[in-house]
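Computed from the coordinates by the stated procedures, all read-outs in this text should not be read as laboratory data. What you see is a predicted model; the values in this text were computed from it and never measured. Here the Cβ positions follow ideal geometry from the backbone for every residue, glycine too, while neighbour counts run over all protein chains shown.
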Ligand SMILES: [Zn+2]
């Protein structure tokens, strides 16, 4: 699912300054250890691939994919103009989608919210 509503909320909240249109350090290299830590502590039912690239209409998305190379997996994609903090924020949001993928209730369901809470606690080092 593409998080257009999330983009709208972010823009309304004035977060556009965290955009980094000039580019910067390799965001994927920064986020990959974060993702691996999440996969270790809160494994999704499939491997999660991380792609950082230019997105036109959202900060990020999570989708269920199947490729010849990787087999079935979750693809988490994050806009390459995100600063590190926003990248972590979006990764947490999208990883929660992977965790709650099979739960009923729609995109940002209560199940997604519980998954997001667990991801948040994991990233913040809370029990
Ligand atoms: Zn979402």
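Taking the conditions exactly as written (within 12 Å of the ligand (Cβ to nearest atom) and closer than 21 Å to residue 26 by Cβ), does residue 89 satisfy them or not? Spelling it out, residue 89 is indeed within 12 Å of the ligand (Cβ to nearest atom) and closer than 21 Å to residue 26 by Cβ.
Every residue, every condition in (1) away from the ligand (no atom under 15 Å from the Cβ); (2) more than 13 Å from the chain's Cα centre (by Cα); (3) surrounded by fewer than 14 Cβ atoms within 10 Å (Cβ to Cβ), yes or no:
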| residue | (1), (2), (3) |
| --- | --- |
| 104 | yes, yes, yes |
| 113 | no, yes, yes |
| 116 | no, no, no |
| 120 | no, no, no |
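Taking first residues from segment 58-73 that are surrounded by fewer than 18 Cβ atoms within 10 Å (Cβ to Cβ) and partners that are part of a loop (DSSP other than H, G, I, E, B), the Cβ contacts under 9 Å between residues at least 6 apart in sequence or on separate chains come to 63/1; 64/46; 64/101; 70/47; 71/46; 71/47; 72/46; 72/47.
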